[in-house]
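Visitor: Attaching a single structure in structure tokens format; questions to follow.
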Amino acid sequence: MGRIDKLMATMSLEEKIGQLNMVASSRVVTGPGERHDLLEGIRAGRIGNLLNLWGADETRAVQRLAVEESRLRIPLLMGLDVIHGHRTIFPVSLAEACQFAPDLWEKTARVAAEEAAEDGVAMTFAPMLDVARDPRWGRIVESPGEDPWVASQMAAAKTRGFQGRDLAARDSVAATAKHLCAYGAVTAGREYASADVSERTLHEVYLPPFAAAVAAGVAAVMPGFIDIAGAPMTSNAKLLQGWLRGVAGFDGVVISDYNAIAELINHGVAPDLVEAAALALNAGVDIDMTSGAYIGALPEALERGLVTMSAIDSSVRRVLKLKERLGLFDDPYRRGSARPRASQAAERRELAREAARAAIVLLTNRSGILPLSPETRRIAVIGPLAAAQQEMLGSWASAGRPEDAVSILDGLKAALPKCRIDHAADVDIEAESTDGISVAVDLCAGAEIVVLSLGEAAAMSGEAASRTDLGLPGRQRALAEAILDLGKPVIATLTSGRPLTLPWLFERADAVLATWFLGDEAGHAVADVLTGKFNPAGRLPVSWPRDVGQVPIFYNERPSGRPFAPGAHYSSTYLDAPPTPQFPFGHGLSYSRFALRDLRCDPTVVKAGDIVEVSVTVHNESEMDGEVTLFLFVRDPVASVARPLLELKGVQKLELDAGRRKQAKWRLPVEDLSFVGQGLERVLEPGRFEIHVGQSADPSGLLSGAIELAP
Ligand code: BGC
């Protein structure tokens, strides 16, 4: 008999359910939840899992209770939201997505895992894989953006990074793919609201990133808080059992979201905790995060015949198996026993800087003001985000410390020691007072260039942070307009967790950069880009709307019967705005200028099983070395189901010296042209397929070719 069988044979019902129970330590609380007597519960075997505790000493102390003082000595599983870094804070996920760089995504997850494990953590509730197309929804900041292909790449890279080669290693943590699924489709972008998406959209858009995480071996999956068309995800047997375990082949642990099992009562599908617990368990939810429904009500559910002992046993086995895979039985103190080497701290900061600058998107550079001239002698740095160290950390700062973050002001001061840099506090991020505007105007009057740091506070995106207005909060617009009226060159940086609709700023400022929440190295990264030490390479993973009325907005829409035609009244548009975004998916300027030529597809007549080689020649026509990002899209113009106008199938980033040319090549398997057919099965239909390559999803910039799939 193996270890798990032996244990199972000796466990009481309460001890079994204890393994399905996760309780929050008081260190961080992210929602309503039952309070427990933690220490007693661990000793008694009623609490098998904890969240929100970290620190080598703290985790060791509670682990000791489980492995030395509980009857069965089963180690605790300790989880934490290690989302974009643990001690070293990297850019928020939406910013990381701008890098389009799976190797970098993996590296930052690796460091986050190492640091979390050094603090005794064995599980992270990441990666978040919710495709997000509505910037009203605050959690877009945690997402990989609007595209399922990008989200799938991120799913695999993050899972590899967190889990490493061996889940049992002392520097690996179990990853949790969340939140299955379609959370990004909540009604009107309103947090926790219902989503109503078609089966097709589930299978084409929202599920593929989770399939990719499962294929990469993700240890856990978390269903979302929401319901999809009346079926709450926490009790959604069709998706959790049928799709996740059945179709995707997941054999790991399903862990509920915070208090979500009890919330099945509010959803209106369970009258009480007993039925809520039964619904969740029967749907395949193994661990109850904080609601107390399992420990409190599963025994009664069993008595009433609502659940079977074998369903409870299956969940317990899965949890014990995960603890075994994590090496917790062999050495429960494995994590939390290593200290970082001195050189590692510097390497991690260096990675944070590399990740931060690669995430910055240069949205406009109208007058070519950037990079800053080395002759610049006097800059005014103003706006409420200029000196805001804490805000740089973003919405999930884990064990990050505000004092470790470099503000934009400090980054510029460090980068430009010979330049006079003036700063004064002006308006607040959100407050209504305009008192500071005149001080800022006076300060800017003597400057050659103004850096205007605008945006949102970190808490204005993330969970429970939906907004109806995507403009600048408080009196920031008044500040910006007063400065723009001076007629000085103005460079605006936008610190935010979502695209902000600021057409007036894009029209008037000399340059605007999306700088998101870049983490500890924010200020240095911004300075690297402004000074030209780093040639901007970030690209938008979301279509940037002109107006909130355009959302949801995304590039891979299906064609309309009356497609948008400028000037045509009966076409798919608005009376008061075009349907196109302010900046398309993939947009991002460089200080270099790249041109594409010669799209080739080889062969041009293909059959199932073939691979098409797609190539283009890219030329750096500028005098600056730089990195270009190329997007490969396909379109199936005639099919049994209307296919999107463009579908992303590949991305390449190439370093290209000034004046040089290179060929970019993709190997596109013909099977990538298949799609979800009318009966939700995958179909590959013969006929003509368009192949497009461009620097963004803007149709006017695409090079196009075609291939023919023979019957
Ligand atoms: C969030 C999850 C998170 C959990 C634990 C919830 O409120 O939705 O994303 O992992 O809290 O902190």
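The values are calculated or read from the model by the stated rules, or taken from the named source; none is laboratory data. The structure presented is a predicted model; accordingly, all values stated were derived computationally and were not measured. No Cβ is skipped: glycine too gets one built from the backbone with ideal geometry, and neighbour counts run over all protein chains shown.
Visitor: Working carefully through the options Arg87, Arg46, find the one that is over 22 Å from Arg401 (Cα atoms), of a type in the set (D, E, K, R), part of a loop (DSSP other than H, G, I, E, B) and at pLDDT 95 or above.
Guide: None of the others qualify; the one that does is Arg46.
Visitor: Also, quick follow-up: So if I check each of Ala132, Ala101, Ala116, Ala126, which one is aliphatic (A, V, I, L, M), under 13 Å from Pro541 (Cα atoms) and within 14 Å of the ligand (Cβ to nearest atom)?
Guide: Just a single option satisfies the conditions, and that option is Ala132.
Visitor: Search the stretch 319-346 for residues being surrounded by 19 or more Cβ atoms within 10 Å (Cβ to Cβ) and small (Gly, Ala, Ser), and hand back the single one that is farthest from Leu77 (Cα to Cα).
Guide: Checking each candidate, the answer is Gly336.
Visitor: Given Asn266, Asn259, which one is buried (at least 16 other Cβ atoms within 10 Å of the Cβ) and either more than 14 Å from the ligand (Cβ to nearest atom) or of a type outside the set (Gly, Ala, Ser) (or both)?
Guide: Asn259
Residue by residue, here is whether (1) at pLDDT 95 or above; (2) part of a strand (DSSP E or B); (3) crowded, with 19+ Cβ neighbours inside 10 Å; (4) not acidic (Asp, Glu) holds:
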site	(1), (2), (3), (4)
Ala355	yes, no, yes, yes
Ser367	no, no, no, yes
Pro374	no, no, no, yes
Val381	yes, yes, yes, yes
Ala386	yes, no, yes, yes
Ala414	yes, no, no, yes
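Visitor: Out of the residues in the stretch 392-420 that are over 27 Å from the mean Cα position of the chain (by Cα) and free of Cβ contacts under 8 Å to residues at least 40 places away in the same chain, state the one that is nearest to Trp137 (Cα to Cα).
Guide: Lys413
Visitor: With the checklist (1) touching a residue at least 60 places away in the same chain (Cβ under 8 Å); (2) over 19 Å from Asp288 (Cβ atoms) in hand, flag the one item Lys178 doesn't pass.
Guide: Exception for Lys178: condition (2).
Visitor: Scan the stretch 230-238 and tell me whether some residue there is buried (at least 21 other Cβ atoms within 10 Å of the Cβ), hydroxyl-bearing (Ser, Thr, Tyr) and out of contact with any Leu (no Cβ under 8 Å at 6 or more places or on another chain).
Guide: So far as the stretch 230-238 goes, no, none of its residues is buried (at least 21 other Cβ atoms within 10 Å of the Cβ), hydroxyl-bearing (Ser, Thr, Tyr) and out of contact with any Leu (no Cβ under 8 Å at 6 or more places or on another chain).
Visitor: Would you pick out the residues in the stretch 199-238 that are of a type in the set (S, T, N, Q), in contact (Cβ under 8 Å) with a residue 24 or more places away in the chain and either within 14 Å of the ligand (Cβ to nearest atom) or part of a helix (DSSP H, G or I) (or both)?
Guide: Thr234, Ser235
Visitor: So which residues in the stretch 612-628 are surrounded by fewer than 21 Cβ atoms within 10 Å (Cβ to Cβ) and either farther than 30 Å from Arg688 by Cβ or touching a Pro at 6+ places or on another chain (Cβ under 6 Å) (or both), if there are any at all?
Guide: Glu621, Ser622, Glu623, Met624, Asp625, Gly626, Glu627
One line per residue, one yes/no per condition, for (1) within 30 Å of Arg377 (Cα to Cα); (2) in contact (Cβ under 8 Å) with a residue 40 or more places away in the chain; (3) not in a helix (DSSP H, G or I):
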{"residue": "Ala431", "(1), (2), (3)": "no, yes, yes"}
{"residue": "Leu443", "(1), (2), (3)": "yes, yes, no"}
{"residue": "Ser453", "(1), (2), (3)": "yes, yes, yes"}
{"residue": "Asp469", "(1), (2), (3)": "no, yes, yes"}
{"residue": "Ala478", "(1), (2), (3)": "yes, yes, no"}
{"residue": "Glu481", "(1), (2), (3)": "yes, no, no"}
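For every residue, the table says whether it meets (1) modelled with pLDDT of 95 or more; (2) over 23 Å from Phe631 (Cβ atoms); (3) within 12 Å of the ligand (Cβ to nearest atom); (4) over 12 Å from the mean Cα position of the chain (by Cα).
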{"site": "Ala122", "(1), (2), (3), (4)": "yes, yes, no, yes"}
{"site": "Gly138", "(1), (2), (3), (4)": "yes, yes, yes, no"}
{"site": "Glu146", "(1), (2), (3), (4)": "yes, no, no, no"}
{"site": "Gly164", "(1), (2), (3), (4)": "yes, yes, no, yes"}
{"site": "Ala174", "(1), (2), (3), (4)": "yes, yes, no, yes"}
{"site": "Ala182", "(1), (2), (3), (4)": "yes, yes, no, yes"}
{"site": "Arg190", "(1), (2), (3), (4)": "yes, yes, no, yes"}
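Visitor: I want to confirm something. Restricting to the stretch 1-33 and keeping residues that are surrounded by 15 or more Cβ atoms within 10 Å (Cβ to Cβ), within 16 Å of the ligand (Cβ to nearest atom) and in a loop (DSSP other than H, G, I, E, B), which single residue is modelled with the highest pLDDT?
Guide: This residue is Ser25.
Visitor: Still on this structure: Please work out which one of (1) charged (D, E, K, R); (2) within 23 Å of Pro584 (Cβ to Cβ); (3) assigned to a strand (DSSP E or B) is the condition Arg643 fails and give its number.
Guide: Here Arg643 meets the rest and fails (3).
Visitor: Let me spell it out: the conditions are (1) in a loop (DSSP other than H, G, I, E, B); (2) within 16 Å of the ligand (Cβ to nearest atom), and Lys158 meets all of them except one. Which number is the exception?
Guide: (1)
Visitor: Could you list, ordered by first residue, the pairs with Cβ atoms under 8 Å in which the first is in the stretch 670-692 and on the phi > 0 side of the Ramachandran plot and the second is part of a helix (DSSP H, G or I) and surrounded by fewer than 16 Cβ atoms within 10 Å (Cβ to Cβ), at least 6 apart or interchain?
Guide: Correct list of pairs: Leu680/Glu199; Leu680/Arg200.
Visitor: To continue, here is another question. Mind listing just one residue for me: the one in the stretch 530-539 that is in a loop (DSSP other than H, G, I, E, B) and of a type outside the set (Phe, Trp, Tyr) and, of those, surrounded by the fewest Cβ atoms within 10 Å (Cβ to Cβ)?
Guide: Lys533
Visitor: Something else now. Condition (residue is hydrophobic (A, V, I, L, M, F, W, C), at pLDDT 95 or above and more than 15 Å from the chain's Cα centre (by Cα)) applied to the stretch 91-110: is it met by at least one residue?
Guide: No, the stretch 91-110 contains no residue that is hydrophobic (A, V, I, L, M, F, W, C), at pLDDT 95 or above and more than 15 Å from the chain's Cα centre (by Cα).
Visitor: Select from the stretch 97-114 the residues that are under 18 Å from Leu648 (Cα atoms) and part of a helix (DSSP H, G or I) and list them in ascending order.
Guide: Ala97, Pro102
Visitor: Which pairs do you get when a residue that is under 21 Å from Phe585 (Cα atoms), found in the stretch 512-541, comes within reach of a residue that is modelled with pLDDT under 95, reach meaning Cβ atoms under 8 angstrom, with the pair 6+ apart or on two chains?
Guide: If the second residue must be modelled with pLDDT under 95, the pairs left are Phe517/Ser395.
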